[in-house]
Amino acid sequence: MSVEKFDAVVVGAGIAGLYAIHRLREIGFSVKAFEKGDGVGGTWYWNRYPGARCDVESWDYSYTFSEELAQEWEWTERYPTQPEIERYLNHVADRFDLRRDIEFGTRIDQACFDESENRWLLRTSKDATIAARYLVSAAGALSEKFTPKISGVETFAGEQYHTSSWPAEGVDLANKRVGVIGTGSTGIQAIPQIAKEAEHLYVFQRTAQHVIPAQNHPLDEDQRREIKATFRQRLEEKLANAVGMSGFPEDPPSLLELDAETRREVFEGGWEVGGPVAVNRAFSDTGTNWDANKVLGELVIEKNSEAVNDPGVADKLLTIDHPIGSRRLIVGIDYFETYNRDNVTLVDASTAPIEAITAGGLRAGGDEIELDVLIYATGFDGVSGPLMAMDIQGVGGRLLRDKWATRPTAFLGLVASGFPNLFMITGPGSPSIFSNVIFAIEQHVDWIKDCLTYMTEHGFNHIDANPDVEDDWTQQVDKAAENLIVGSTKSWWTGENIPGKPAGLNFYLGGLHNYRAKCDEVADNGYEGFLLQSR
Ligand code: NA7
C-alpha cells in the first residue's frame, strides 16, 4: 500500500484551510488540504441558498494578512452575498497559488494517531492512506448540517433540500408550493427571496426571533476608496476589541441610566445604522443586565411589528420568549415585510407542531399542508460537530467523540489533550464565531505557524496539551461566560439544537483581544501548558 506523506494535512479549503495552506508553506512544510467540495470556500461553497449573505460587513469579512490583497479586491456591498464571497475566496486561492495543494471532492473519513511513528494516518473517502506529521482541522464551525428526523420523510413525493447543500444550479421554485422549516439566520435570509419565486410559501416557525435590519447598501466609489485608505487604521481597531471588527462602539451609554427619550434616540440611531453591532452594542448593559435587555428587546419588537400589516401574524412572529442576544441576533432584509404578501403563510410550529411528512406535504397541528418542495433551514451541529463526525483516534486509540462525550474541551480551543499534533482552527473553547471569524481564523493560523516554527527550531516534533491546563482553560471559558445573557437560551450555540448533544456554551467569551493576549503569553513562555517533545 502506498502512503503519501506530508508535513501537514489540512482538513477543508474554506477560509481557514486556504490561509493555513498559505502560512504552512511559508515555513517550508509540505502541505496537502483535502476538501469534500469541488471548489474552495467551505461554508461559502455549500450555502448557496437564495439570499445567502454574510452578516459581518465586507470590509471586515476579509483577510488582513496581505495589504496588497486588500487594496486590489473590490467589495460591492456592505454585507457581501454568498456568490461574492465565493468569488473572493477563489481569487485568494488563485492569487496565492493554493489550488495545487488541494485535493477536491475528497473527505477525510478517519484520522488515527500512529504513536510508534509519531504521525497521523488518514483515510480519505477515496480510500487513500495519507501520513502527516501534523493535522490541522479547518473543518469549519458550520459544516455539519442538521436535519431533524420527522416521521414519514421517505414518503414525500416532492423535492427536499437543506439550505446548506443547495444545488449549485439552483432550484426552480416557480409555480411550486414551498415549505421552509426554520427561522434562524438562514431561514430569515432565504424566506424573502423564496417568497418572490414560489407560487406559495409556508414558513414553519418554532421560535420567534428578534431581527435587526441590515440597512444593506451598495458601496460607491468613495466608500470603496475609504475602505482601502483606512486599512491600517481598521486593522488596529480590530486588534483592540472583543469582536475583531472595526467601528466597534467604544464607550456606549448604559441603557438604564438614560431617560426614555435619550434611550430611544440612541436606539433609533443604531437602528438607522443597522446590523447587529449598532443595535446590540448601542448600550453598555443590555448584554449583562436583564432589565436593560428587556427594554432593548421591547424596542426591537416594536420596530419589527411596524413592518407587519396583519396584527395576528405580527403577534405570532413577535411573541418572543427569550432575551435579545441570548441566541444569535439575526440580521434581515425585508423579512417581516414578506409576511404582507398574499403568497406567504406563517405556520406557528410552537402551537401547531410539525407532526409528520406525508406523500403530499406536511402535517402540522392536525392540518395537512400540500407542498411540492420542502426546504430545511434547520441549521448545524456547530463547532464540535464536524470534528466529531470524523473518526479521529488519538493516543491509545481513544476517539475524540468519546473524549468529548460530555463536553468538548481543548486548551485554548487549539489542542485537545490526548490528540497530539492535531491543531483545531476555531475549535471549542476559542472565541470562534463569537467574533469576526475570518479575523479569529487568521489569529489561530498565525499562532499555529509560530508554534510549529518554534518546535522545528527547538528540535520538537510532538505537541500535546497538558490535561490539567486544559481543565483550567475550560474553567476560564466558563468564568468568562458568567453573568452574560448570551447563551442563556437553547440554540445551536449551546448545542441544544442537536438531540443528545450535551448542553454547554463552549466558546471563549472574554473577547478576541484578550484571547489573543493569552495565546501570545503562552507562546512567549515557551508554549507553557503544552507538552513539547522530540520523538
Ligand atoms: P439555526 O440558527 O440553528 O436555526 C435553525 C432553525 O431551524 C431554527 O429556527 C429552529 O427552530 C428550526 N428547527 C430545527 N429543527 C426544527 C424542527 N424539528 N421543527 C421546527 N423547526 C426546527 O441555523 P441557521 O442555519 O439559521 O443559522 C446558523 C448560523 O449560521 C447562524 O447563527 C449564523 O452564525 C450563520 P428553534 O429555534 O430551534 O425552535
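The values are calculated or read from the model by the stated rules, or taken from the named source; none is laboratory data. Predicted model, so just to flag it, every value in this text is computed and none were measured. Cβ sites come from the backbone with ideal geometry, for glycine too, and all protein chains shown count toward neighbours.
Restricting attention to the stretch 353-384 and to residues that are in a strand (DSSP E or B) and among the small types (Gly, Ala, Ser), the residue that is farthest from GLY179 (Cα to Cα) turns out to be ALA356. Could you list, ordered by first residue, the pairs with Cβ atoms under 7 Å in which the first is in the stretch 375-393 and closer than 17 Å to ALA503 by Cα and the second is assigned to a strand (DSSP E or B) and within 11 Å of the ligand (Cβ to nearest atom), at least 6 apart or interchain? From the stretch 375-393, the pairs are PHE380/LYS145. The condition of being surrounded by fewer than 17 Cβ atoms within 10 Å (Cβ to Cβ), touching a residue at least 24 places away in the same chain (Cβ under 8 Å), away from the ligand (no atom under 16 Å from the Cβ) and small (Gly, Ala, Ser) does not hold for ALA465.
A count restricted to the stretch 412-436 and to residues that are within 19 Å of LEU505 (Cβ to Cβ) and touching a Pro at 6+ places or on another chain (Cβ under 9 Å) stands at 5. Looking across the stretch 318-351, the residues that are within 11 Å of the ligand (Cβ to nearest atom), under 17 Å from ILE369 (Cβ atoms) and not in a strand (DSSP E or B) come down to ALA349, SER350. Each residue in the stretch 2-29 was checked for being farther than 17 Å from THR106 by Cβ and either in a loop (DSSP other than H, G, I, E, B) or touching a Ser or Thr at 6+ places or on another chain (Cβ under 6 Å) (or both), and 4 pass. Taking the numbered list (1) aromatic (Phe, Trp, Tyr); (2) within 13 Å of TYR202 (Cα to Cα); (3) more than 12 Å from the ligand (Cβ to nearest atom) in turn, TYR376 passes all entries but (3). Of all residues in the stretch 125-151, those satisfying the criterion of being under 22 Å from SER384 (Cβ atoms) and among the polar types (S, T, N, Q) are SER125, SER137, SER143, THR147. Within the stretch 352-364, being within 12 Å of the ligand (Cβ to nearest atom), of a type in the set (Gly, Ala, Ser) and surrounded by fewer than 19 Cβ atoms within 10 Å (Cβ to Cβ) holds for ALA352, ALA356. Taking the criterion of being part of a strand (DSSP E or B) and either near the ligand (Cβ under 9 Å from one of its atoms) or buried (at least 18 other Cβ atoms within 10 Å of the Cβ) (or both), the residues of the stretch 129-160 that qualify are ILE130, ALA132, ARG133, TYR134, LEU135, VAL136, SER137, LYS145. Quick check on the stretch 103-118. Is at least one of its residues crowded, with 19+ Cβ neighbours inside 10 Å, more than 16 Å from the ligand (Cβ to nearest atom) and more than 27 Å from the chain's Cα centre (by Cα)? So far as the stretch 103-118 goes, yes, one or more of its residues are crowded, with 19+ Cβ neighbours inside 10 Å, more than 16 Å from the ligand (Cβ to nearest atom) and more than 27 Å from the chain's Cα centre (by Cα). Would you pick out the residues in the stretch 490-503 that are more than 9 Å from the ligand (Cβ to nearest atom) and either charged (D, E, K, R) or touching a Ser or Thr at 6+ places or on another chain (Cβ under 6 Å) (or both)? Within the stretch 490-503, LYS501, PRO502, ALA503 meet the criteria. Within the bounds of the stretch 184-193, is there any residue that is in contact with a Ser or Thr (Cβ under 8 Å, 6 or more places away or on another chain), more than 11 Å from the ligand (Cβ to nearest atom) and farther than 26 Å from GLY37 by Cα? For the stretch 184-193, residues in contact with a Ser or Thr (Cβ under 8 Å, 6 or more places away or on another chain), more than 11 Å from the ligand (Cβ to nearest atom) and farther than 26 Å from GLY37 by Cα: present. Residues considered: VAL313, VAL295, VAL300, VAL308. Of these, the only one that is over 25 Å from PRO148 (Cα atoms) and under 26 Å from the mean Cα position of the chain (by Cα) is VAL300. Scan the stretch 473-486 and tell me whether some residue there is surrounded by fewer than 17 Cβ atoms within 10 Å (Cβ to Cβ), among the aliphatic types (A, V, I, L, M) and out of contact with any Asp or Glu (no Cβ under 9 Å at 6 or more places or on another chain). Looking through the stretch 473-486, at least one residue is surrounded by fewer than 17 Cβ atoms within 10 Å (Cβ to Cβ), among the aliphatic types (A, V, I, L, M) and out of contact with any Asp or Glu (no Cβ under 9 Å at 6 or more places or on another chain).
Any chance you could count how many residues in the stretch 194-215 are within 16 Å of the ligand (Cβ to nearest atom) and either under 24 Å from the mean Cα position of the chain (by Cα) or of a type in the set (Asp, Glu) (or both)?
12
Among the residues examined, GLN189 does not qualify as free of Cβ contacts under 8 Å to residues at least 40 places away in the same chain, under 27 Å from PHE434 (Cα atoms) and part of a helix (DSSP H, G or I).
Before we move on, is ASP315 acidic (Asp, Glu) and in a loop (DSSP other than H, G, I, E, B)?
Working: acidic (Asp, Glu): yes; in a loop (DSSP other than H, G, I, E, B): no.
Spelling it out, it is not the case that ASP315 is acidic (Asp, Glu) and in a loop (DSSP other than H, G, I, E, B).
With respect to ALA292, determine if the residue is touching a helix residue (DSSP H, G or I) at 6+ places or on another chain (Cβ under 6 Å) and away from the ligand (no atom under 14 Å from the Cβ). It is false that ALA292 is touching a helix residue (DSSP H, G or I) at 6+ places or on another chain (Cβ under 6 Å) and away from the ligand (no atom under 14 Å from the Cβ). For GLU265, the test of being at pLDDT 95 or above, surrounded by fewer than 19 Cβ atoms within 10 Å (Cβ to Cβ), of a type in the set (D, E, K, R) and away from the ligand (no atom under 16 Å from the Cβ) is passed. Contact map, the stretch 489-515: residues that are without any contact (Cβ under 8 Å) to a residue 12 or more places away in the chain paired with residues that are more than 11 Å from the ligand (Cβ to nearest atom), Cβ distance under 7 Å, separation 6+ or inter-chain. Pairs shown: THR494/GLY487; THR494/ALA503; THR494/GLY504; THR494/LEU505; GLU496/ALA503. Cβ separations smaller than 8 Å between residues 6+ apart or across chains give the following pairs from the stretch 60-79 residues that are closer than 18 Å to LEU219 by Cα to residues that are among the acidic types (Asp, Glu) and surrounded by 13 or more Cβ atoms within 10 Å (Cβ to Cβ): TRP75/GLU84; THR76/GLU84; GLU77/GLU84; ARG78/GLU57; TYR79/ASP55; TYR79/GLU57. Quick one: in the stretch 161-183, which of the residues that are in a loop (DSSP other than H, G, I, E, B) and within 16 Å of the ligand (Cβ to nearest atom) is farthest from ASN343 (Cα to Cα)? Top of the filtered list is TRP166.
When you look at PHE423, is it assigned to a strand (DSSP E or B), modelled with pLDDT of 95 or more and surrounded by 24 or more Cβ atoms within 10 Å (Cβ to Cβ), yes or no? Here the answer is yes, as PHE423 does meet what is asked.
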